[in-house]
Every structure is written in C-alpha cells, then in structure tokens.
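The values are calculated or read from the model by the stated rules, or taken from the named source; none is laboratory data. Quick caveat: nothing in here was measured; it's all calculated off a predicted structure. Just the protein is used for accessible areas: all its heavy atoms, side chains included, with ligands, DNA and RNA removed. Shrake-Rupley method; radii C 1.70, N 1.55, O 1.52, S 1.80 Å.
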Amino acid sequence: MSPVTSVSIDTALRLPAPDIEALIQGRAIAATPQTFIDPGRQFALYPADASINLLPTNQQYRPNFLSIAQTVCSQLKPETVTIKAWAKCELCQIIDNSEALEALSRLTIWTEEALQQILSQRPFIFLAYLRVYPLTQPIEVPVNPKGNFVSLPNPLTVTESSPVLSDRIFSQRRYQLENRLPPSHPELEELQNAIAQMSIADPASEKLNHYIKTFLGWANEQPIQQLDPDLSWISTINALGTATTGGNYEKGTAFEQIVHKSLAFLGFGVDSNAKGGAGGMDLYCIKPYPLVGECKAGKSIPDGTVEELIRIGTRHLGADGFQVAVKLIIGPGQPTPNLQKSAEKFAFGISIINPMTLQKLVQLQAKFPGSVNPIELKPYLVPGQIDYRIDEYIQKVESSIRLRSHLVQLVKNYLQNTGLDNAGIEALHGAYFGSHPPQPLKTEEMHDILIELSSPLTGYLGRKKGSDGSDRFYFLRDLPAA
C-alpha cells in the first residue's frame, strides 16, 4: 500500500451550494465552473449562494434533486460559509455543442434548460470532473462574494485517504459521463429520492437508501457500520453490572432486567417469571437448553453466591432439573479464591462471567446478527471463571466472519478483474490461494461456505447453475470484516 501523503490547500473554488452537496453525497462527479480548470489542480469547495446560477433553483435542478437543492439553499448563513470538502480536478471538458446537453442533463443534477442557458451566456460550458474528499473537520470562513477562486484564511492540510467514491466507482462514473452513456437505472434514481426524504423522519430507511445509492454508484460499497440507536442499551450492560450507587435492590433489579434482555437478544428463551427478589431465581432460560443464574451488581460477587444459586435453583427446579441445567453467575470483579473454589468443586460446575463479557457477546450479535449461537456457546460454559473462554468463542466467531468477508471480496475482485458475470468453484479456489487467505481451505469447505453466503437469508453472493450443472457464484453486497 502506498504511503498517504499530505497536501496543502490555500484556495477554494466557488460553486453553488447545491452542486457541492451533490458532489459530497456522490450524486455528482462534475461541476460547471465559470473558467477552465487545469487537471491536477487541488482546492477546497466553497458553497456559494445559488443565485450565482443563471436560472432560479426550481429551473436549475432536475426534479429528483430539487428538494435537496432547496434544503441546502435554505441552510446557508449570511455571514459565514461552511467548507466540508476539497477536490482534485481529474479532467475539464469544453462543451460547445447544444446537441449534447440532453444526454448530459440525464447524467447530472442540472436541467437541460440550465445547461442551455449557460451556452446562451458564454461560448463554452466547462465541465470539470472532480475527485472529492470530505474534510475530517469542516471549517467556517467569512462570506466572499467575488471571484471564481477564494483565498482561505489559513491553508488546509489534507490527504487523499478517504474519497467520497472509490477508485473503481469513480472510474465507472467518469467513463459513463465522458461517453454520455444513458443512466442504467433511472427508475431507481426516483425511488432513491423518495426514500431519502423518508430517512429524514425515519432513520430505519437509511440502510435501504444506502443500498440503492451503492447500486447506483453514488456511494462506496461498504458503509461504516454503526450501532442501531435502538440498541444503545447494549453499551450500558457493564455499567449496570458494576453500579455502586442506589440501593442494593435497585441495582440488582436494573442489572437483572438487562441480563434478561441480553440473553433473549442472544437467542435464549428467557422465563419472564424469574424475577429474583427474596427467594426467587434471578434468571432462568428454557431454550435452547435449561440455564439458571444469579445476577450480582456492585463491586464484587459475594462469596455465598454459589450456595445461594444451589439453594434457590434446587428449590424451584428440583434436584434433577437443577442438575441438568447450565448454571451461571454474572457479576463484577475477580472472584475470590473461595468463590472460585466453590464454583469449580460443585458436582455439576457453575460458570462465572463478568458483565463486560456479556456486553461483548451482545455487541457481537448486534453487529453481526445471528453470529452468536447459544448451542455453539454451550461447550464454553465450563466451571469457574470463564471470561477467557468466552473471549475464545468471540475470537472464533470473528475469525469465521473474517473468512467469509474475505471470500465475498474474493468473488467480487475475481469478477471485476476477469470481466465475467459469475465464476465456478474451481476458478475461485485457485484465486483464493493467491489472495493472502486468512486460513487454508479445501475446495469442498470453500464450496460449503459459498453456498451459505449465497443463501437468500444472507444474500452476500448469488448462485446459479452453469451449463454443466455446477454451481456458479456472483457478487451481491459486501460483508464487513469483524
């Protein structure tokens, strides 16, 4: 990988604010500056009032971008300008043929009327192809209403490490625009615009919005994974388990409730009647196997917790029922030698884990739904303190995800490099060994995983039958690595 080099920028190109928003969103890869820009020139992007356009906003922009343009214009400040990105000019075309404007309009955010208006006022349209990079921290500068280029109060030091669009997507979009190839999916552009409006009020639709933008080539393939706001409770598991404020009953109840929620999230069938309290079981899971537990919040787990679990569990489940159940204590701190000894010497063993260990399991399940399997987890629930054993399980799951992510990327890269629509297992297995694989795989093992990844329930790859009846695979969407 080539080293990332820094670039110093001291000027900004003035463009209408909606045009810059389209560049930052990946909706556009080109601008229409008022002057020719030398390829290779680098500059910040200065969002100017849309009045520098020759037509009103509702005539300047195509319907599927108009609402965004109007919103951006309404957010401009009278005294300062917020600069969010910089760009490098890759190409600047000179267009003097009005016959090309209809095709150009279909591939950009501008109406044909707007492009025609430019040609009526100037001898040329300068179409600058811009590679855009977001700033890590936006800056504010005073409004400067004059000039094509604006001097910045202080130079910016930037890198090319995080472009809005990847090299591959930008090259595809550039080729399409240079050759005036028609949009591949105009109906999806209309759908994306509608969903983008929904996502303002409904964040859940943002994922679908991103998938469509990715398909259209308006966004990079792999979004940064963020925890669903509805799952913010996960980050409080350890804090509740180690809470030392409030009464013991309040601490215990809050922690017990979040343990119930956590295990249900992991796929256990939690008995809602197990509510702890005086003589009650803190935790009882019915499926996929019986599991009984004690939840202890505070600074440490009391020495008598093992005996308490045995007494309460036997009373509620009977001796036989308690014997066959997995027994678990969830609490903070390092177990005392007496507690550790009691947990290990009991005939059927009691497992002890820290609240943070539970939180890590739930975080893994949230990031990769279905990755935590209670049946596969069971052998790791051995007697004594088992945080290290759960860590081993988490590492095993993450290793499995990394392998599958690698295979999805392998199929994607192989098809891009060969120009094929799909590939057979023998070709992919051969390519696997030249791809710095995370682990050796036999052809049969690789085939089984590719079948799994092409299941409708996962949908990372597609699968079809070749003319000889063998399975052939194609890329659908990225699987982020763990």
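Assorted remarks:
- Per residue, the accessible area of the chain comes to 50 Å² when a 1.4 Å probe rolls over the protein heavy atoms.
- Ligands, DNA and RNA left out, the 1.4 Å accessible surface of the chain is 52% carbon and sulfur atoms.
- The chain, Rg to Rh (Cα coordinates; Rh as Kirkwood inverse mean 1/r): 1.10
- Prolate/oblate/rounded label for the stretch 1-56 (Cα gyration tensor, a/c 1.5): prolate
- Principal-axis tilt of helix 248-266 within the chain, Cα atoms, nearest 10 degrees: 70 degrees
- Longest to shortest principal axis, alpha-carbon extents of the stretch 360-422, angstrom: 55, 17, 17
- Distance from the stretch 160-184 to the stretch 391-447 (C-alpha centre basis), Å: 27 Å
- For the set Glu445, Glu426, solvent exposure ranked by accessible area (probe 1.4 Å, protein chains only) runs largest to smallest as Glu426, Glu445.
- Expected-Rg normalisation [2.2 N^0.38 Å, Cα atoms] applied to the stretch 267-371: 1.07
- The relative contact order of the chain, computed from alpha carbon pairs under 8 Å that lie at least 6 residues apart in sequence, is 11 percent.
- DSSP-defined beta bridges in the chain - what % are antiparallel, rounded to 5: 70 percent
- Listed cross-link partners Lys287/Lys345; Lys296/Lys396; Lys287/Lys327; Lys275/Lys299; Lys275/Lys327 are compared with a 18 Å cut-off, the Cα-Cα value being larger for Lys287/Lys345; Lys296/Lys396; Lys275/Lys299.
- The stretch 293-368: relative contact order in percent, alpha carbon pairs under 8 Å with at least 6 residues between: 35 percent
- Using a probe of 1.4 Å, the accessible surface attributed to Cys89 totals some 0 Å² when neighbouring protein chains are kept in position.
- The stretch 1-99 shape via C-alpha gyration tensor axes, a/c threshold 1.5: oblate
- Note on Thr236: accessible area is roughly 50 Å² with a 1.4 Å probe, heavy atoms of protein only.
- Global geometry of the stretch 427-482, whether rounded, prolate or oblate, following the gyration tensor of its Cα atoms and the 1.5 cut on a/c: oblate
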